[in-house]
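K.L.:
My questions will all concern the structure given below.
We did not get these values from a lab; they are worked out from the coordinates using the rules stated. Predicted model, so just to flag it, every value in this text is computed and none were measured. We place every Cβ from the backbone using ideal geometry, glycine too, and count neighbours over all the protein chains shown.
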Protein chains: 2
Amino acid sequence: MARPPAAREKILAAYCAIVSSEGERAATLEATAARAGVSKGGLLYHFKSKDALADGVLDGLRQAAEADLDRMRQSPEGPSRYFVRTSVETGTELDTFFVVVMRLAAGQHPGAAEALAAVHGSWWQLIREEVGDDAVADAIMLLGDGMYHHAAMPGSSAPGSTAGYFRGRLDAVLDQVDELRALARSRTSPDAG
Amino acid sequence: MARPPAAREKILAAYCAIVSSEGERAATLEATAARAGVSKGGLLYHFKSKDALADGVLDGLRQAAEADLDRMRQSPEGPSRYFVRTSVETGTELDTFFVVVMRLAAGQHPGAAEALAAVHGSWWQLIREEVGDDAVADAIMLLGDGMYHHAAMPGSSAPGSTAGYFRGRLDAVLDQVDELRALARSRTSPDAG
DNA sequence: GTCTATAGTAAGATAGAC
DNA sequence: GTCTATCTTACTATAGAC
């Protein structure tokens, strides 16, 4: 909070935009600075090194994930449906950070894999609490991860909208979620109402 | 066929190994040559440029995918179960190529995204033929993709073995596949035996 | 806080010996 | 077919002016 400098935010956003659309390799200091509208020296005033830039993204992911977790918790449709439905949303703040951190993890950036695992673990826990069954929680996570896998797959993402592959299919997948939730209910209370 | 030079294969394997374990950026010509046991010049005799090296991987994926498709087609358990079961296998020839091509696609390598989409489309078609229902074919693919997403997620892969996250959970997911197949049968022939 | 200029390094690729 | 030596380019990072 405390309103960080606007330039810093612009630089971070520029870096994320390049990494997710053209790959980590294309996100050089010069390219990032140019897109943010500053010079190389200007960028390096806010981020001492390229690693510091990547660390800034890790922090961004943690914050965006926390905010998303709150929405997921308070969602009227329940965490499971919320998770699967939002897993195909591309272009959101959380998705942007998530994609970038995945790329960083692929490049062995320290802490990136751990940050991803932490976010994923939080999602699982919320779903597990809702459905009350490990296997069903796993299956629901897999549906969401599978859809995310497509949405994030290079070539299929269309920033700001649901990925083309799943337009019209999301409803069917959400039905599967409902069926899985019902299955979990019948397992945990086979004789209760 | 016609037995390509052994050095060529070693170079391609070295490149794949570095890309998947340390990221595309670490797979420099020098690092690749060193791991393959040749010099930079020796490498460049077999692959004229770095792009040629990447193109070699695309060819490798196409060949490995074709072989896998045959096995999937002839699998006694059926394409669906075969697909989901093998989606967590890391370290196979197909998986190695697939991971590398995903990294190349993330870096906007020409043809990489298309190659992935082609492989994925072939898998879907086989499953669609088996289950006879679009939505169920989608859901099964999602389970497999979701598991693959985990298995391929940096930090969780353990070459040569099933990813740790799903040890013991695969059976539960395969049960979900069976339930989905049954669901498809009840849809396509609601009154037949 | 942002710029230009530049040092230092590492990468991809070529040439020619063996 | 494989090597060493070298050229060229591009990237990270520093220094110091404004």
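K.L.:
Taking the number of other C-beta atoms within 10 Å as the exposure measure, put B:171, A:138 in order starting with the fewest. Display every interim value, and only then the final one.
P.N.:
On the way: B:171 10, A:138 25.
Final ranking by Cβ density, sparse to dense: B:171, A:138.
K.L.:
Continuing with this model, one more query. Starting from a label point 7 Å past Cα on the Cβ side, list the distances from residue B:41 to the same position in the other copies, nm, shortest first.
P.N.:
4.3
K.L.:
Further question on the same structure: List, in order, the whole-Hz ³J(HN,Hα) value for each residue of the range B:137-144 obtained from phi through the Karplus relation with A = 6.51, B = -1.76, C = 1.60 and θ = phi - 60°; use x for Gly and Pro.
P.N.:
4, 4, 4, 5, 4, 5, 4, x
K.L.:
Can you compute log10 of I(q)/I(0) for the protein assembly as shown with the Debye formula, treating each Cα as one identical point scatterer, at q = 0.06, 0.09, 0.12, 0.15 Å⁻¹?
P.N.:
-0.25, -0.56, -0.98, -1.41
K.L.:
Moving to a separate point now. Please list, by residue number, everything in the range A:75-115 whose backbone N is under 14 Å from a paramagnetic label point 7 Å out along Cα→Cβ of residue A:35.
P.N.:
Counting backbone N atoms under 14 Å from the label point, the list is A:91, A:96-101, A:103-104.
K.L.:
What is the list of residues in the range A:111-145 whose amide nitrogen lies under 12 Å from a point 7 angstrom out from the Cα of residue A:185, following Cα to Cβ?
P.N.:
A:131, by backbone N distance to the label point.
K.L.:
Out of B:45, A:180, A:140, whose Cα points farthest toward the positive end of the dipole of the protein assembly as shown (charges: +1 Lys, Arg; -1 Asp, Glu; placed on Cβ)?
P.N.:
Checked the options; the winner is B:45.
K.L.:
Next question, about the same structure. Cross-link candidates for residue A:50: which aspartates and glutamates have Cα within less than 18 Å, leaving aside residues fewer than 8 places away along the same chain?
P.N.:
Residue A:50 reaches A:9, A:22, A:24, A:30, A:59, B:22, B:24.
K.L.:
Quick check on the exposure proxy: order A:9, A:130, B:66 from fewest to most C-beta atoms within 10 angstrom.
P.N.:
B:66, A:9, A:130
K.L.:
Further question on the same structure: Can you give the mean number of other chain Cβ atoms that lie within 10 Å of the Cβ atoms in peptide B:132-143?
P.N.:
Working: counts 0, 1, 2, 6, 2, 0, 10, 10, 1, 3, 15, 7.
Partner Cβ neighbours, averaged per residue: 5.
K.L.:
Would you kindly work out, in nm and rounded to one decimal, the distances from the label point of residue B:118 to those of the same position in each other copy, ordered shortest first, with label points 7 Å along Cα-to-Cβ?
P.N.:
Taking the point 7 Å beyond Cα along Cα→Cβ, the inter-copy spacings are 4.2 nm.
K.L.:
Averaged across the residues of B:102-110, what count of C-beta atoms belonging to other chains lies within 10 Å of each residue's C-beta?
P.N.:
Values: counts 4, 6, 2, 4, 14, 8, 7, 2, 0.
If you average over the peptide's residues, the count of other-chain Cβ atoms is 5.
K.L.:
List the distances, in nm to one decimal, from the label point of residue A:6 to the label points of the same position in every other copy, shortest first, placing each label point 7 Å from Cα along the Cα-to-Cβ direction.
P.N.:
Nearest first, the other copies' label points are 6.5 nm away.
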